[in-house]
Amino acid sequence: MDRYIYRFILLLMWITTFLYGCNPSHDPLEEMALIPAGEFQMGTQDAVAEEREFTDNIKHTGAWFDEQPAHTVHVDAFYMDIYPVTNKQYREFLLVNPVWQKENIDPKYHDGNYLQDWKGNNYPRWKGNHPVTSISWYAAMAYATWSGKRLPTEAEWERAARGGLKNKSFPWGDTIDSSKANYDKNIGKTTPVGKYAPNQYGLYDMVGNVMEMVLDEYDAFYYSISPSVNPVSGADTIQEIVETYKNIKTHRGVRSGSWANFAPYVRVADRNYSNPKSTATLGGFRCVKDVPDIARNNQDIIKFVSANPPNGSTIKPNDIITLTYNGTPENITITSNTTPLSNSITTIPNKKTVTILGIFTPGELNLQLNWKHGSDNLTYKVETPVPDNMMLIPAGEFEMGHLNAKDRLDNNVNIDAFYIDKYEVTVGEYKQFVNETGHRSPDWEKISQFAPTDKHPMIFVNWFDAMLYARWVGKRLPTEAEWEKAARGGLVEKKYPWGDTEPDGAQVNFAGTTDGYEHTAPIGSFLPNGYGLYDMVGNVREWCLDSIHLDTNSNGVYKNEDFNKKIIDITTNFSKIRSARGVRGGSWSSESYQLSGSYGADIPATNNAYLGFRCVRPVEP
């Protein structure tokens, strides 16, 4: 009889254990904090991606590339564990979920070091209140599911870690020391959870102690394409990951840094990753729980939430504008003041986003949004696209010529905006022109003596050759006025593109070998001017479209009337021109006084080792 009573008691214990294994014994919201819904700046701003001193002796240059671009994200409200999951809590899970115990776990869910410091189901002595480590992402997901929770997304984790602060490196501000967190091996091991002060949301150990696994897939470039509302990388929805986590193979995000990481790696914006099978001794986790949708009186009202890029931004003509709603907007129409959009709008059924594809017309873009439940307006400034390897030179007046110079003009010259090549035309580019057009081939062997690679500026090219090349690429040569405005780089009454300091070999290729080059230097070998243009003086002299000496009257006034007509006349009839053309900038053999922008001219048929060119293109109205 006693034997049967004993078996009955064992059966009751087994049933109790089974029921206990379905759900934890405590309230799921116990020791959790409510993180309010709202927007925050995720990642690191370019403006603060610079050298920052985090401690007395550790410096870190900027943010890692995967933290950029910084972007505004809206996250719905959620609950988060105020502490990382502890050894004691994880043991409770193991006792009622035997398949996740050290001796039973499927090898495909760990890397062989699962709970490596545990003996069976017993964690290391005196460490019940330390964060659990040496567990895989799969095991963390299993624990979270059992507890009625889930792992946080990267966006949820970072919003919670920031604690409501804006653009700060740590949950409390921009400085860190050993009184604020367990990091940089200042203790050399994990510490009990809650040892350090919480952030403003009441969360402990959001940086340091252990790294924390998150729900979504790690993607180093995700921030450049991230949705602006509740982003989750690697899946369309959070639920998709939760339901299929055992089949996932891709790397998962890891945040927070650990007791062994130095300061830059425990910033709230720092990102890391791991294989879902990895059981690192530095890694742990904490859980979140969604806030239930209770009594939403307006649940059927679809409202506009946000736009990415944000309203009022400057955008490019081929950008994509993503509109986010709190549901699927029905009967949506979008009209523009400049760009037909009927074939550019994409609404995905059962999704909350609408995308608008460019190409948008440069200038001010006004969008009128209308849908079943409302309307809104957005305004953007659409940039004029800059051609590849060209820089925009703004319109405006400048004083042409140099003070006390005989060739100084007596009036300001007003120039329309234009684009100019960042670099002089190279040997490689000119070879392509010759190969594709059948143009007369120059003496390449002679050229190689002065410009030995395809990255050196093209030389031994006369004005006619330069004009034909420019026409082939859809450009033209600059007028002398355009050339000088560009060369000055925005400076006023300065001798050189960098100022009045006399040149040396660090600034420009000139006067023989003082700069390290016997002849020409590869393009871009020296610093650019204020407009981002390279080698505007030195290296090679540059052909211009006109000649300033021929385009001034007897009083020295630049004849700017009907300027565009004159340009058209030259480019149309250039083959008939025999008068000298302007050459500017000095070359690799020039003395310093020849670099200061003084004027020169050569007959169009001239070609030598000192002459090259670059091109310009007008800004379309």
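The values are calculated or read from the model by the stated rules, or taken from the named source; none is laboratory data. Because the structure is predicted, anything quoted here is derived from the model rather than measured. Cβ sites come from the backbone with ideal geometry, for glycine too, and all protein chains shown count toward neighbours. Quick note on the areas: whole protein, heavy atoms, side chains included, nothing else; ligands and nucleic acids left out. Shrake-Rupley method; radii C 1.70, N 1.55, O 1.52, S 1.80 Å.
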Revision key, fill the gap. For the stretch 208-256 the number of residues that are over 21 Å from the mean Cα position of the chain (by Cα) and in a helix (DSSP H, G or I) is 10
Review point. If you go through the stretch 491-510 one residue at a time, how many are closer than 23 Å to residue 544 by Cβ and open to solvent by less than 50 Å² (accessible area, probe 1.4 Å)?
Key: 6
Point to revise | Breaking point among (1) aromatic (Phe, Trp, Tyr); (2) over 41 Å from the mean Cα position of the chain (by Cα); (3) open to solvent by 20 Å² or more (accessible area, probe 1.4 Å); (4) modelled with pLDDT of 95 or more, for residue 109 | key: (2)
Practice item. May I ask you to list pairs of residues, at least six apart or on different chains, whose Cβ atoms are under 8 Å apart, with the first in the stretch 382-400 being under 21 Å from residue 319 (Cβ atoms) and of a type in the set (Val, Ile, Thr) and the second being exposed (fewer than 15 other Cβ atoms within 10 Å of the Cβ) and at pLDDT 85 or above? Key: 382/314; 382/364
Review point. When the residues of the stretch 375-398 are filtered to those that are acidic (Asp, Glu) and over 20 Å from the mean Cα position of the chain (by Cα), which remaining residue is nearest to residue 485 (Cα to Cα)?
Key: 397
Practice item. Could you check how many residues of the stretch 374-385 are open to solvent by 70 Å² or more (accessible area, probe 1.4 Å) and not polar (S, T, N, Q)? Key: 3
**Study point:** Residue selected from the stretch 69-87 under the condition out of contact with any strand residue (DSSP E or B) (no Cβ under 6 Å at 6 or more places or on another chain) and not in a strand (DSSP E or B), by the criterion surrounded by the fewest Cβ atoms within 10 Å (Cβ to Cβ)
**Key:** 77
Study note, to complete from the structure: Over the stretch 195-222, the set of residues open to solvent by less than 30 Å² (accessible area, probe 1.4 Å) and within 19 Å of residue 282 (Cα to Cα) is 196, 205, 206, 207, 208, 209, 210, 212, 213, 214, 215
Review point. Is one or more of the residues making up the stretch 168-189 out of contact with any Gly (no Cβ under 7 Å at 6 or more places or on another chain), closer than 14 Å to residue 82 by Cα and at pLDDT below 95?
Key: no
Practice item. Say whether the condition of being within 30 Å of residue 306 (Cα to Cα), touching a helix residue (DSSP H, G or I) at 6+ places or on another chain (Cβ under 9 Å), in a loop (DSSP other than H, G, I, E, B) and of a type outside the set (D, E, K, R) is met by at least one residue in the stretch 177-195. Key: no
Check your understanding: Do you know which residues across the stretch 163-177 are surrounded by fewer than 23 Cβ atoms within 10 Å (Cβ to Cβ) and in contact (Cβ under 8 Å) with a residue 24 or more places away in the chain?
Key -> 163, 164, 165, 166, 167, 168, 172, 174, 175, 177
Exercise for review: Within the stretch 423-463, count every residue that is in a helix (DSSP H, G or I), open to solvent by 20 Å² or more (accessible area, probe 1.4 Å) and of a type in the set (Ser, Thr, Tyr).
Suggested key: 2
Review point. Out of the residues in the stretch 307-324 that are of a type in the set (Val, Ile, Thr) and surrounded by fewer than 16 Cβ atoms within 10 Å (Cβ to Cβ), which is modelled with the highest pLDDT?
Key: 314
Exercise for review: Could you please find all residues in the stretch 206-255 being among the small types (Gly, Ala, Ser), closer than 14 Å to residue 73 by Cβ and in contact with a strand residue (DSSP E or B) (Cβ under 8 Å, 6 or more places away or on another chain)?
Suggested key: 226, 228, 233
Exercise for review: Find all pairs meeting these conditions: Cβ atoms under 7 angstrom apart; at least six residues apart or on different chains; first residue within the stretch 497-525 and under 15 Å from residue 451 (Cα atoms); second residue open to solvent by 70 Å² or more (accessible area, probe 1.4 Å) and of a type in the set (Lys, Arg).
Suggested key: 522/455; 523/455
Revision key, fill the gap. Over the stretch 115-141, the set of residues under 19 Å from residue 252 (Cα atoms) and either of a type in the set (S, T, N, Q) or open to solvent by 10 Å² or more (accessible area, probe 1.4 Å) (or both) is 133, 134, 136
